[in-house]
Amino acid sequence: MEKQKFTDINELYEKFFSNAVNKQQKMIDGFEILANIEFDERYKTPKELVYEEDKMKIYHYHPISEKKTTIPTLIVYALMNRPYVMDLQSEKSFVRKLLEEGLDLYMLDWGYPTAEDRYITFEDYIEGYLANAVEFLKKKHNVKQINIMSKCQGGTFCAIYASMFPENIKNLVTIASPFDFDIEDGLLFKWAKYMDVDSLVDAFGVVPGQFLNMCFVSLRPYELLFDKYVAIINRLDNPKVLKDFLSVESWIFDSPGQAGEAYRKYMKDLWQENKLIKGEFKMNGRAIDLKAIKMPLLNIVGEKDNLIPPSSSIPLNDLVASKDKELHSFPLGHAGIVASSLSQKKVAPLVAQWLLSRS
Amino acid sequence: MEKNNEVFRQFMETQKNMFGMWQKMAEMSFAPKNQGEGAQPGKDFMDYFKEFYELNQKYFAGYSGDPTQLYQRINESQETYQKMFKLWYELNKEGFSSTSEKINEVQEEWYKEYTRQIKENYVSYLPEPLRKLVEDSAKLMESYREASIKFWKPWFDDTLIPNEEFFKGDFYNPGMYLQQLKNWKDNYEKSFGKIMDLPATGFNREHLVKQSESFDKYIQFGMLVNEVLANIYKIGQETIQKVIDDNVKMYEAGKKIENFEEFYEYWVKEISSALDKMHFSKDFSALMGQALKAMTDLKIEADKLWEDYLSYYPIPKKSDMDSLYKTVYKMKRELTALRKEISELKGQKPESGN
């Protein structure tokens with residue numbers, strides 16, 4: 001039997017040319033828009049530098065509404081991405097929303113390590129820089145405790161800090177942070193087990209950000225390396241969409257390198273041996289017990305987070321001794337949980353209200 | 001009795017040949033593409049140093065998502081998209097049969113586009129020096145083959161020299177390529193790799209050892225990185241075949257495939273799922289770990305070799321700088337501890353920060 005042609009061939013020709021011409025037109029229009037677009041609004045919510053130590057900086061955000069608390073809140077982000085994702089665009093800024101809700105907000109920015117920073121240890125980050133930042137804020141505000149809102153690796157750091165110095169923390173918020181590193185649904189968790197971390201650190205000193213980026217895009221290679229650029233063609237003539245796309249794109253590929261010695265301990269003790277939740281993790285010989293965390297805890301996870309899946313974050317609530325603890329889940333990804341319209345509408349108000357009611 | 005230095009002489013000759021090979025590899029690896037392939041007479045050591053320096057300068061100069069780069073990336077993706085459309089078009093034209101010559105031709109064309117995408121996009125996310133190494137690995141294999149035939153053939157059985165298919169440099173038959181790669185790796189470890197471990201002699205002994213080690217790491221890295229890429233290519237080839245077969249079956253079962261967008265989305269879903277499955281597998285995770293180790297081993301050995309070259313120049317080396325950084329780090333920690341101690345003695349809280 002002769003095979004039936006699926007569609008009229010002339011129709012296909014027409015479709016092909018119309019598709020090509022249409023896309024070409026979009027590309028031409030898009031080029032014009034791309035050449036003139038102002039997309040860089042990152043880190044633009046007004047703030048001032050109030051503390052500096054080596055590459056670490058602390059910024060104080062100018063209040064934009066009446067302060068509703070005397071307890072300052074310090075935002076602690078991961079070392080491997082830039083914290084301005086929380087302040088990427090004014091209309092979606094997580095930071096701006098927290099300010100509108102009445103928090104007194106500080107941002108800890110770890111900066112970009114350079115070759116001279118290769119010997120900075122994990123302990124230096126937590127017992128040094130982070131501890132000094134907390135002490136600075138306590139002194140500045142004349143308070144005994146401050147609030148901490150942490151994201152991703154910053155959450156792991158802050159949970160360790162909070163278990164070492166619980167007296168300094170009034171409330172702890174962790175967003176999309178890894179605690180259990182022995183999970184099955186995270187590709188990075190799987191690959192990390194096969195990494196020769198010593199060799200990586202010895203070879204580079206400061207582990208390149210591009211290396212980390214390659215790992216991140218490998219989570220969804222075809223979507224992240226190809227499909228998203230195809231998808232954007234159809235919206236190239238929309239400046240708002242392009243602005244959003246470029247803002248996120250620039251943030252994704254702005255990954256600082258990792259100070260080698262700190263990275264070595266972080267990867268080996270946590271990602272490979274999962275020592276933190278086993279109660280085997282030590283800082284300068286001191287055992288870290290997450291049960292020492294007794295302050296109120298708000299733990300937030302993103303259901304679509306494929307970088308730090310909820311299965312890695314959720315166990316924290318069972319590991320701490322806090323009586324006042326909450327776990328919230330949102331249908332968002334790793335970046336979207338602090339950089340999307342939904343996060344601005346739902347996540348930021350939840351964090352602000354939770355902190356204000358306990359400060 | 002007259003001494004018989006024949007064995008020693010032969011061994012030194014071997015080392016000399018090795019040196020020549022390494023030079024050729026280095027020239028190929030660091031030579032700009034527009035100056036042609038292979039050895040470049042008149043190119044002195046400082047040229048290589050300059051190129052090496054430039055590579056380091058560009059270390060963090062990868063894709064960062066600015067508008068111009070984005071436009072280029074969109075253009076590249078658009079080409080692939082159009083090739084996919086062409087495949088869809090041919091499928092329609094032929095009445096959804098996966099057996100026609102034209103379909104095979106377009107499928108092959110699409111597959112070439114896929115490998116180009118992987119080579120140009122996936123690889124472009126690697127740190128710059130690694131990127132170049134990956135791009136050059138196929139050339140390196142070819143160079144190695146030539147060198148092997150010239151220098152080593154008389155000593156080895158022909159089976160040690162890889163099959164011609166292996167050196168085509170393309171990846172259009174990744175299944176066979178992977179098998180060839182495995183055979184070649186075994187052979188290398190049994191033969192040439194062992195020679196790399198032989199002790200060197202003479203005034204330049206240490207330098208020759210470093211060269212041999214770097215060369216060995218380069219080969220190991222090249223093999224593993226090719227294995228990773230071949231696995232990715234294999235997934236692409238298998239997936240496009242599956243998508244075509246599935247579509248033919250769907251068509252024959254009377255399920256109408258509405259339009260190209262649907263076909264494209266189906267393919268994206270399939271390729272993502274196949275890559276996901278491969279990425280999560282124990283074997284691929286282990287392979288990634290091995291490739292990373294090979295890359296870092298190579299960097300460590302290559303750094304030693306470069307430092308050896310640079311030891312005659314009045315410039316500080318990386319190891320000198322690292323030593324200095326360590327001293328400064330220790331002094332800073334000591335200073336912090338002393339400040340704390342003084343503050344405690346004064347009964348005050350320590351001043352921190354700059």
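Please treat every number below as a calculation from the coordinates, not as lab data. What you see is a predicted model, and the numbers here were worked out from it, not measured in a lab. Cβ placement follows ideal geometry from the backbone for every residue including glycine, while neighbour counts extend to all protein chains displayed.
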**Request:** Evaluate the Debye formula for segment A:47-356 with equal point scatterers sitting on the alpha carbons, no solvent, and hand back log10 of I(q)/I(0) at q = 0.11, 0.14 Å⁻¹, in q order, two decimals.
**Result:** -0.65, -1.11
**Complete:** Once phi for every residue in segment B:263-275 is put through the Karplus expression 6.51 cos²θ - 1.76 cosθ + 1.60 (θ = phi - 60°), the whole-Hz ³J(HN,Hα) values, with Gly and Pro written as x, are 4, 4, 4, 4, 5, 4, 4, 5, 5, 5, 5, 5, 5
**Request:** Summarise the partner chain shielding of A:250-261 as one whole number: the mean count of Cβ atoms from other chains within 10 Å of each residue's Cβ.
**Result:** 2
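Fewest to most neighbouring Cβ within 10 Å: what's the order for B:Thr239, B:Thr327, A:Thr73?
Working: B:Thr239 19, B:Thr327 11, A:Thr73 25.
Ascending number of Cβ neighbours within 10 Å: B:Thr327, B:Thr239, A:Thr73.
Using the 10 angstrom Cβ neighbour count as an exposure proxy, how do B:His279, A:His62 rank, fewest first?
Values: B:His279 20, A:His62 11.
Arranged by neighbour count, lowest to highest, B:His279, A:His62 become A:His62, B:His279.
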**Tail weight of P(r) past 26 Å, computed on alpha-carbon pairs of segment A:223-359, percent** = 44 percent
**Request:** Please report the Cα spread of segment B:292-337 along all three principal axes, rounded to whole Å, starting with the longest.
**Result:** 39, 32, 7
**Prompt:** How high is the FRET efficiency from B:Gln241 to A:Ala115, r the C-beta distance, R0 30 Å, rounded to 0.05?
**Reply:** 0.05
**Complete:** Of the residues A:Pro63, A:Ile233, A:Ala192, the Cα lying farthest along the dipole of segment A:47-356 towards its positive end, which is defined by charges on the beta carbon of Lys, Arg, Asp and Glu, belongs to A:Pro63
**Prompt:** Mind listing the phi-derived Karplus ³J(HN,Hα) values for segment A:43-56, rounded to whole Hz, using 6.51, -1.76 and 1.60 with θ = phi - 60°, and x for any glycine or proline?
**Reply:** 6, 9, 4, x, 7, 9, 6, 10, 7, 8, 8, 6, 8, 6
**Complete:** Correct response: the longest run of chain A lacking exposed GluC sites (Glu not before Pro), defined by DSSP loop and at most 16 other Cβ within 10 Å, is A:67-183
**Message:** Taking θ = phi - 60°, what integer Hz values does the Karplus form 6.51 cos²θ - 1.76 cosθ + 1.60 yield along segment A:188-195, in sequence order, with x for Gly and Pro?
**Reply:** 4, 5, 5, 5, 4, 5, 9, 7
**Item:** Interchain or long-range residues, amide H under 5 Å from A:Glu326's placed H
**Value:** A:Leu297, A:Leu298, A:Asn299
**Request:** Would you please give the FRET efficiency between B:Glu341 and A:Glu167, computed as 1/(1 + (r/R0)^6) with r the Cβ-Cβ distance and R0 = 22 Å, to the nearest 0.05?
**Result:** 0.50
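Would you kindly state how much longer the chain becomes between A:Ile37 and A:Ile64 on full extension, computed as 0.36 nm times their sequence separation minus their alpha carbon distance, in nm to one decimal?
Working it through step by step, the gained length comes to 7.0 nm.
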**Prompt:** Among A:Ile126, A:Ile33, A:Ile293, whose mean-square fluctuation peaks in a Gaussian network model of chain A (Cα, cutoff 10 Å)?
**Reply:** A:Ile33
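Relative to the present Cα-Cα distance, how much length would full extension add between A:Leu327 and A:Lys44 at 0.36 nm per residue of separation?
Working: separation 283, 0.36 × 283 = 101.88 nm, distance 3.07 nm.
Once the chain is fully extended between A:Leu327 and A:Lys44, it gains 98.8 nm.
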**Complete:** Percent antiparallel among DSSP beta bridges confined to chain A, nearest 5, equals 35 percent
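For peptide A:199-211, what's the mean number of Cβ atoms from other chains within 10 Å of each residue's Cβ? All intermediate terms of the calculation are to be shown ahead of the outcome.
Details: counts 8, 5, 1, 5, 11, 5, 4, 0, 2, 8, 4, 13, 7.
Mean number of neighbouring Cβ atoms from other chains: 6.
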